[in-house]
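Okay, structure first, notes after.
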Amino acid sequence: MNPPVMHPNQTTLNQFYEAFSRLDPEGMAACYADNAQFDDEAFSLRGKREVTGMWRMLCAATQAGNRADWRLEWRDVQAEATTGRAHWEAHYRFSASKRLVHNLIEARFTFDADGRILTHHDKFNFWRWSWLALGVPGLVLGWSPFFRTQVRKQARANLDNFLAGNATPEST
């Protein structure tokens with residue numbers, strides 16, 4: 001019996017997560033369209049420069065000081081001509097607090113006509129993440145829209161500094 005044929009967009013998603021597991025932002029960038037968009041609880045990014053800049057920043061921070069704690073798992077990768085989805089889990093040490101995080105993420109994608117990722121939306125429990133990443137402040141305030149806005153502002157400032165070449169990986 002022959003194994004089922006994988007849609008090329010499913011291959012793209014597996015290549016993306018394989019590159020991510022190796023902390024290879026260039027391999028990840030190759031999977032995105034030039035006009036890609038990314039949204040999650042911390043970022044709202046437009047254009048390949050911003051989207052891949054975020055991955056470069058996060059990979060650099062992990063490689064700089066927390067590589068031993070890094071592990072990525074992904075499963076349930078499905079894709080067809082225009083949409084896809086996956087479940088992924090990241091195990092890492094959050095660089096700002098040095099706390100261990102195990103984040104559970106549901107990802108949704110759309111693809112352009114060339115099979116590159118056009119939109120990427122990651123959804124995770126922000127309160128749970130903030131508790132793991134930030135400790136007591138995250139536990140107490142992670143539910144708050146104000147706190148979420150502050151985290152988003154800090155994430156954006158870190159990315160802007162990284163893209164401008166003003167940040168070291170340890171400061172992300």
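Annotations
- Calculated accessible area for the chain comes out at 53 Å² per residue, all protein chains present (probe 1.4 Å; ligands, DNA, RNA ignored).
- Rolled with a 1.4 Å probe across the full set of protein chains, the surface gives residue 6 an accessible area near 90 Å².
- When a 1.4 Å probe is rolled over the protein heavy atoms, the share of accessible surface on the chain that falls to carbon and sulfur comes to 55 percent.
- Ellipticity estimate at 222 nm from DSSP helix runs (n ≥ 4, -39,500 (n - 2.57)) divided over the chain, nearest 500: -13000 deg cm²/dmol
- Difference of contour (0.36 nm per residue) and Cα-Cα distance, residue 123 to residue 97: 7.2 nm
- For segment 1-54 versus segment 98-135, the spacing of their alpha-carbon centroids is 12 Å.
- Computed over segment 99-172, relative contact order equals 20 percent, with contacts defined as Cα pairs under 8 Å that lie 6+ residues apart.
- Ranked by solvent-accessible area (1.4 Å probe, protein heavy atoms only, all chains present), the residues 80, 18 order from largest to smallest as 80, 18.
- Length released on extending from residue 68 to residue 113, taking residue separation times 0.36 nm less the Cα-Cα span: 12.4 nm
The values are calculated or read from the model by the stated rules, or taken from the named source; none is laboratory data. Keep in mind that this is a model prediction, so the values were computed, not measured. The accessibility values were calculated without ligands, DNA or RNA, using every heavy atom of the protein model including side chains. Shrake-Rupley method; radii C 1.70, N 1.55, O 1.52, S 1.80 Å.
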